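Asks: Here you go, one structure.
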Amino acid sequence: TANPSKVYNSYTAPKRLIPGINTGNNMSLGIPVSAWDILPDIGDEIGVYSPLGKLIGSAVFTGRNMAVPIWGNDMTTPISEAIAEGENYNLYLSKASCSDLKPVVVNRWEQGNGQYCENGISVIGKLTTSNIENSLLLMENFPNPCNGICSIEFSLPENANISLSIYSVSGKKVAELVNRQFEKGKHIVQLKNRGLPSGSYFIKLESERFNKVNNLQIIR
């Protein structure tokens, strides 16, 4: 079993991947220097994302072992602000030299696993960042719920024609936000008041090779 006091000796607050939450409930993820197949550059950031694409934890690589706090849901509220107990989280590497997000694959766990556990500790034994094809990433819209105005952030592994639309729970397209060519990297699209009534919707991001869906709640 790994020794957490030996692993968690370096946390630097990120400048790019900044979680917009602090629920008071969290766990710790340790990433020893020895776990990397190829060491990141100083200043690269690791981001932890929920199954819905919400950024729930992050830290900066400083050349030392990393400690990454991962925020979980506040169990006193009915809203899912972060990640639920037992849900799997995903890791992405943000290079300081560009805006791309590169997926990180955990090959072996030294302690724990890739599931959220309140007050838990997980330590990665081996991970891979090389020879991994980047994938499309759709972050959760913020804020969610919203009053009809929110930001939708996504990251593309390549230049692509992107369609970003809103669908009702019955599957009917009720709005198309964009349908055009985007360059590789991060992008933010603003959803502004389109007269949509209160209720539950889906945001769908599509290209020829990828598609992602997130939930959207509108409260007026």
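Asks: Kindly provide the set of residues from the stretch 161-176 that are surrounded by fewer than 18 Cβ atoms within 10 Å (Cβ to Cβ) and touching a residue at least 12 places away in the same chain (Cβ under 8 Å), ordered by number.
Replies: 161, 163, 165, 167, 168, 169, 174, 175, 176
Asks: Turning to a different aspect of this structure: Which one is nearest to residue 144 (Cα to Cα) among residues in the stretch 32-75 that are touching a strand residue (DSSP E or B) at 6+ places or on another chain (Cβ under 9 Å) and of a type in the set (S, T, N, Q)?
Replies: Among them, the one singled out is 50.
Asks: Related question: Starting from residues that are small (Gly, Ala, Ser), touching a strand residue (DSSP E or B) at 6+ places or on another chain (Cβ under 8 Å) and farther than 21 Å from residue 182 by Cα, keep the ones in the stretch 76-95 and report whichever is surrounded by the most Cβ atoms within 10 Å (Cβ to Cβ).
Replies: 82
Asks: Still on this structure: Across the stretch 207-216, what is the total count of residues that are under 20 Å from residue 49 (Cα atoms) and touching a strand residue (DSSP E or B) at 6+ places or on another chain (Cβ under 6 Å)?
Replies: Total meeting the criteria: 4.
Asks: Here are the criteria: (1) within 17 Å of the chain's Cα centre (by Cα); (2) surrounded by fewer than 16 Cβ atoms within 10 Å (Cβ to Cβ). Tell me which single one residue 126 does not satisfy.
Replies: Only one criterion in (1) within 17 Å of the chain's Cα centre (by Cα); (2) surrounded by fewer than 16 Cβ atoms within 10 Å (Cβ to Cβ) is unmet by residue 126, namely (1).
Asks: Quick one: how many residues across the stretch 120-139 are modelled with pLDDT of 80 or more and more than 13 Å from residue 156 (Cβ to Cβ)?
Replies: 10
Asks: Pull out all pairs, ordered by first then second residue, where Cβ-Cβ is under 6 Å, the residues are six or more apart or on different chains, the first lies in the stretch 28-39 and is assigned to a helix (DSSP H, G or I), and the second is open to solvent by less than 40 Å² (accessible area, probe 1.4 Å) and of a type in the set (S, T, N, Q).
Replies: 33/65
Asks: Where residues in the stretch 96-108 are assigned to a loop (DSSP other than H, G, I, E, B) and not acidic (Asp, Glu), which of them is most open to solvent (accessible area, probe 1.4 Å)?
Replies: So the residue we want is 97.
Asks: Quick check on the stretch 121-137. Is at least one of its residues part of a loop (DSSP other than H, G, I, E, B) and farther than 30 Å from residue 33 by Cα?
Replies: Among the residues of the stretch 121-137, not one is part of a loop (DSSP other than H, G, I, E, B) and farther than 30 Å from residue 33 by Cα, which makes the answer no.
Asks: Here's another thing I want to ask about it. If you take the residues of the stretch 61-75 that are over 15 Å from the mean Cα position of the chain (by Cα) and not in a loop (DSSP other than H, G, I, E, B), which of them is surrounded by the most Cβ atoms within 10 Å (Cβ to Cβ)?
Replies: 66
The values are calculated or read from the model by the stated rules, or taken from the named source; none is laboratory data. Because the structure is a prediction, the values reported are computed rather than measured. Neighbour counts run over all protein chains shown; Cβ positions are idealised from the backbone, glycine included. Ligands, DNA and RNA are stripped out before the accessible areas are found, and what is left, the full protein with its side chains, is counted by its heavy atoms. Shrake-Rupley method; radii C 1.70, N 1.55, O 1.52, S 1.80 Å.
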